[in-house]
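Visitor: One structure follows; several queries about it will come next.
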Amino acid sequence: MRERFWERYSLGELNRKEWEALCDGCGQCCLKRYVEDGVVTVYGIACRLLDIETVRCRDYPNRLKKVPTCHQLTPTTVPQYDWLPETCAYRRLHQGKPLPPWHPLLVGDRSKMRERGITVSHYAVPKDSVPRRRMRQHVIARWRLAEKKRARA
């Protein structure tokens with residue numbers, strides 16, 4: 001990887017290894033979410049492929065085939081996913097912001113993330129453990145999309 005590539009290149013200029021290294025592994029994008037009537041609801045319920053303890057996909061190469069609701073982030077799709085957390089490196093770099101100070105590329109590992117409770121490993125539950133009728137008990141965030149974005153959807 002090129003030295004401090006996240007500061008020197010746009011998302012579209014990154015090679016595959018650099019692109020993947022940007023992901024801090026928080027797991028927030030692997031939580032169940034629904035968008036209805038312009039409202040995003042996020043649940044503390046993990047995708048069935050997410051290993052909650054390690055916060056890694058169990059089948060990353062085949063995730064898009066196995067989980068129809070999985071999204072593939074690309075330099076062109078990042079702006080569409082306004083449900084990405086504010087701490088997401090892809091979102092931050094797209095917005096011209098620096099990486100958060102605890103990011104693994106800056107500190108060398110994910111220990112600072114775990115200390116700060118940024119990964120979903122301390123609260124996410126497996127999808128199969130929550131009956132649909134009990135999903136409301138696992139809501140962790142809800143917000144209204146901007147009018148302009150709703151009109152586009």
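Each reported figure results from applying straightforward, stated rules to the coordinates on display, with no laboratory input. Bear in mind that the values here come from a model prediction, so they are computed numbers and not experimental data. Because the Cβ atoms are built from the backbone with ideal geometry, glycine has one as well, and the counts that use them run over all protein chains shown.
Visitor: Quick one: Kirkwood hydrodynamic radius for the chain, alpha-carbon pairs, angstrom, one decimal? Write out the running numbers ahead of the final one.
Guide: Working: mean 1/r = 0.0602 Å⁻¹.
16.6 Å is the Kirkwood radius here.
Visitor: Using the Cα gyration tensor of the stretch 1-56, with a ≥ b ≥ c the square roots of its eigenvalues, what is the shape: rounded (a/c below 1.5), prolate (a/b larger than b/c) or oblate (neither)?
Guide: oblate
Visitor: What FRET efficiency would be calculated for the residue pair Arg2, Ser111, taking the C-beta separation as r and a Förster radius of 25 Å, to the nearest 0.05?
Guide: On the way: r = 24 Å, r/R0 = 0.98.
For R0 = 25 Å, the calculated efficiency reads 0.55.
Visitor: Which of Leu22, Leu105 comes first, and how do the rest follow, when ranked by fewest Cβ neighbours within 10 Å?
Guide: Leu105, Leu22
Visitor: Suppose each label sits 7 Å from its Cα in the direction of the beta carbon; what would the Lys17-Arg133 distance come out to in nanometres?
Guide: 5.3
Visitor: Could you work out [θ]222 nm for the chain from helices alone, using -39500 (n - 2.57) per DSSP H run of at least four and dividing by all its residues? Round to the nearest 500 deg cm²/dmol.
Guide: -5000 deg cm²/dmol
Visitor: Further, regarding this structure: With an 8 Å cut-off on Cα pairs and a minimum separation of 6 or more residues, tell me the relative contact order of the stretch 5-146 in percent. Before the final figure, lay out the partial values.
Guide: Details: 170 pairs, mean separation 52.5, N = 142.
Here the relative contact order equals 37 percent.
Visitor: By how many nm would the segment from Val35 to Glu53 grow when fully extended, if each residue of separation counts as 0.36 nm and the alpha-carbon distance is taken off?
Guide: Contour length minus the Cα-Cα distance gives 3.8 nm.
Visitor: Working out 0.36 nm times the residue gap between Asp82 and Ala146, then minus their Cα-Cα distance, what length gain in nm do you get to one decimal?
Guide: Difference between extended and current length: 22.1 nm.
Visitor: So which residue, out of Val40, Val55, Val125, gets the largest mean-square fluctuation from a GNM of the chain using Cα contacts under 10 Å as springs?
Guide: Maximum among the listed residues: Val40.
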